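Values quoted throughout were computed directly from the atomic coordinates according to the rules given, and no laboratory measurement underlies them. As the structure is a prediction and not an experimental result, all values here were calculated from the model. Cβ atoms come from the backbone with ideal geometry, glycine included; neighbour counts cover every protein chain shown.
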Amino acid sequence: MELYTPVLALIILATGFAVASIAMAAIIGPKRYNKVKLDSYECGIQPTPQPAGGGRFPVKYYIIAMLFIIFDIEIIFLYPWAVYFDSMAVFGLIEMVLFIATVFVAYTYVWRRGGLDWD
């Protein structure tokens, strides 16, 4: 149990710092609210009115977010491979070539379908 004491102390310290920061901001922060401060800011452009439910976002935003997560997770698999490359020898190289080829095929498919267009 004594091995976990520093970890527990760090967790308590971090939690205490977070709570103290939020409390101090609420206590000593300025409280002069007006319509301009409460209005949303969109890079200097007047915000467009939104429906009561918040409006609907195009599905393309979610698809791009999912693609980013998928390709990001696939790239994360390269780090353990790089660490253990010497011990895996030719088998590890062949497996990684197959993995990268699969990622490349998926990437070209998404690219050709227009999934990476931001317009």
In degrees, nearest ten, helix 85-112 long axis to first principal axis of the chain (Cα): 60 degrees
- request: Can you tell me which of 10-16, 62-68 comes out highest on packing, and rank the rest after it, using the mean Cβ neighbours within 10 Å?
  value: 62-68, 10-16
Option label - P(r) over Cα pairs in 10 Å bins from 0, in percent computed here, alternatives (1) 13, 45, 33, 9, 0; (2) 9, 17, 16, 24, 22, 10, 1; (3) 12, 35, 32, 16, 5, 0: (2)
statement: Whole-Hz Karplus couplings 3J(HN,Hα) for region 79-84, θ = phi - 60° and coefficients 6.51, -1.76, 1.60, Gly and Pro as x, run 5, x, 4, 5, 5, 9
- request: In nm, give the distance between the simple-model label positions of residue 111 and residue 2, each being 7 Å from the Cα along the Cα-to-Cβ direction.
  value: 5.8 nm
message: Helix 59-76 against the longest principal axis of the chain: what's the angle in degrees, Cα atoms only, rounded to the nearest 10?
response: 50 degrees
task: Compute the long axis of helix 5-28 from its Cα atoms, compare it with the longest principal axis of the Cα atoms of the chain, and write down the angle in degrees, 0 to 90, nearest 10.
output: 30 degrees
